[in-house]
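Have a look at the structure below before the remarks.
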Amino acid sequence: MDDPLPLPGAHPLPDAVCDGGDLDCGSGLLLIIRNAMAPLPGGGVLEVRSREISVKEDLPAWCRMVGHTLLLAAGESYYIRKKAGDDALANDLDKARNYEWKVRVRRQGAQPAKAFVRNHAFTVGQPASFDTEDEAPSAIEFLLSSLAGCLAVGFQWRASRRGIEVRDLEVSLRAKSRNILAFLGVEEGDPGLAEVLGRVYVDADGEDEALRALWDETVFRSPVAQSLLRGAPVRIDFRRA
């Protein structure tokens, strides 16, 4: 049975209240909701208070996705009935927290390597190549493209969450190896990237200071950028096929 709508002018009686201030659903509000809703039983009502205007559109969509019921949106208050018998939000966040990205790459004979990722497949060329006629991008080019793509999409997503229109966006990156001859076996040394340099070109609404702050947040929250900046450990076991 659907939840009855409250009478005009009446608000549901909440079992708990949380105040999200100016946060939106993409910058911390959902975590606050999760913590406030966790101790409630199924069917419990949480009043969420937020001054952020985008919550009016984002919160109903999120409730539908995870199975909670938005009973009423009244001014800066949103009344959510927790899904009965299932802590959907906790399960959703736990799945995201423990998710592992997986890739499988095969190479047979002289054929280029082929990567399989979920329902996608693509060809990977040499680890590092200087030949413009190569049939596939090099592994380093894929790495830089992954970084640039993560930042471009991340910036666009965060901008849209704040109601900022982005008309055009381009991320340009370049990098050098500390000693590429080490990869070729000609010299000893470190073949890793010495640094990654680049620029982002943005045509968007908003003040420069706000856009720069949004870009800094995008880099800070980018899984690819932070993996490179912090140096994720790499441990790969070797086994005979």
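The values are calculated or read from the model by the stated rules, or taken from the named source; none is laboratory data. Being a predicted model, the structure only gives us computed values, none of them experimental. Because the Cβ atoms are built from the backbone with ideal geometry, glycine has one as well, and the counts that use them run over all protein chains shown.
Regarding Leu193, is this residue farther than 30 Å from Gln111 by Cβ and modelled with pLDDT of 90 or more?
Spelling it out, it is not the case that Leu193 is farther than 30 Å from Gln111 by Cβ and modelled with pLDDT of 90 or more.
Being under 23 Å from the mean Cα position of the chain (by Cα) and either free of Cβ contacts under 8 Å to residues at least 60 places away in the same chain or closer than 15 Å to Ala159 by Cα (or both) is true for just one of Leu193, Leu229. Which residue is that? Show your work before the answer.
On the way: Leu193 fails: under 23 Å from the mean Cα position of the chain (by Cα).
Result of the check over Leu193, Leu229: Leu229.
Can you name the number of the only condition in (1) closer than 26 Å to Gly28 by Cα; (2) surrounded by fewer than 16 Cβ atoms within 10 Å (Cβ to Cβ) that Val103 fails?
Against the list (1) closer than 26 Å to Gly28 by Cα; (2) surrounded by fewer than 16 Cβ atoms within 10 Å (Cβ to Cβ), Val103 comes up short only on (1).
One residue is enough: does region 108-119 have a residue meeting the conditions among the hydrophobic types (A, V, I, L, M, F, W, C), in contact (Cβ under 8 Å) with a residue 60 or more places away in the chain and surrounded by 10 or more Cβ atoms within 10 Å (Cβ to Cβ)?
No, because not a single residue in region 108-119 is among the hydrophobic types (A, V, I, L, M, F, W, C), in contact (Cβ under 8 Å) with a residue 60 or more places away in the chain and surrounded by 10 or more Cβ atoms within 10 Å (Cβ to Cβ).
I'd like the full set of residues that are part of a loop (DSSP other than H, G, I, E, B), out of contact with any helix residue (DSSP H, G or I) (no Cβ under 8 Å at 6 or more places or on another chain) and either farther than 18 Å from Leu13 by Cα or not hydrophobic (A, V, I, L, M, F, W, C) (or both), limited to region 29-58.
Pro39, Pro41, Gly42, Gly43, Arg51, Ile53 - these are the residues of region 29-58 that are part of a loop (DSSP other than H, G, I, E, B), out of contact with any helix residue (DSSP H, G or I) (no Cβ under 8 Å at 6 or more places or on another chain) and either farther than 18 Å from Leu13 by Cα or not hydrophobic (A, V, I, L, M, F, W, C) (or both).
Among Leu143, Leu71, which is modelled with pLDDT of 90 or more and either touching a Phe, Trp or Tyr at 6+ places or on another chain (Cβ under 7 Å) or assigned to a loop (DSSP other than H, G, I, E, B) (or both)? Even if it seems obvious, please write down each step before you answer.
On the way: Leu143 fails: either touching a Phe, Trp or Tyr at 6+ places or on another chain (Cβ under 7 Å) or assigned to a loop (DSSP other than H, G, I, E, B) (or both).
Step by step, each of Leu143, Leu71 is checked, and only Leu71 is modelled with pLDDT of 90 or more and either touching a Phe, Trp or Tyr at 6+ places or on another chain (Cβ under 7 Å) or assigned to a loop (DSSP other than H, G, I, E, B) (or both).
Please go through region 178-214 and pick out each residue that is assigned to a loop (DSSP other than H, G, I, E, B) and basic (Lys, Arg).
Within region 178-214, just Arg178 meets the criteria.
Here is a yes/no grid of residues against (1) more than 19 Å from Ser27 (Cα to Cα); (2) crowded, with 16+ Cβ neighbours inside 10 Å:
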{"position": "Val186", "(1), (2)": "yes, no"}
{"position": "Glu195", "(1), (2)": "yes, no"}
{"position": "Gly198", "(1), (2)": "yes, no"}
{"position": "Ala204", "(1), (2)": "yes, yes"}
{"position": "Asp208", "(1), (2)": "yes, no"}
{"position": "Asp216", "(1), (2)": "no, no"}
{"position": "Val219", "(1), (2)": "no, yes"}
{"position": "Pro223", "(1), (2)": "no, no"}
{"position": "Ser227", "(1), (2)": "yes, no"}
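List every residue pair whose Cβ atoms sit under 8 Å apart, with the two residues 6 or more apart in sequence or on different chains, where the first one lies in region 147-163 and is over 17 Å from Leu193 (Cβ atoms) and the second, anywhere, is in a helix (DSSP H, G or I) and β-branched (Val, Ile, Thr).
From region 147-163, the pairs are Gly154/Thr218; Phe155/Thr218; Arg158/Thr218.
Looking only at region 110-146, which residues are touching a helix residue (DSSP H, G or I) at 6+ places or on another chain (Cβ under 6 Å) and more than 17 Å from Val196 (Cβ to Cβ)?
The answer is Val124, and nothing else.
Which residue, of Asp94, Asp15, Asp87, is among the acidic types (Asp, Glu), more than 25 Å from Ile164 (Cβ to Cβ) and modelled with pLDDT of 90 or more?
Details: Asp94 fails: modelled with pLDDT of 90 or more; Asp87 fails: modelled with pLDDT of 90 or more.
When all the criteria are applied, what remains is Asp15.
In region 23-35, how many are surrounded by 20 or more Cβ atoms within 10 Å (Cβ to Cβ) and over 22 Å from Gly154 (Cα atoms)?
The total comes to 1.
Test each condition in (1) over 24 Å from Phe155 (Cβ atoms); (2) in a loop (DSSP other than H, G, I, E, B) for Tyr79 and report the one that comes out false.
That leaves (2) as the condition not met.
With Ser160, Ser172 as the choices, which residue is among the small types (Gly, Ala, Ser) and part of a strand (DSSP E or B)?
Matching residue, one of Ser160, Ser172: Ser172.
Take the conditions in the same structural domain as Leu193 (by TED's automatic domain parsing), farther than 30 Å from Leu184 by Cα and in contact (Cβ under 8 Å) with a residue 12 or more places away in the chain and apply them to Arg81. Does it pass? Step through it out loud before you land on a result.
Details: in the same structural domain as Leu193 (by TED's automatic domain parsing): no; farther than 30 Å from Leu184 by Cα: yes; in contact (Cβ under 8 Å) with a residue 12 or more places away in the chain: yes.
In short, no.
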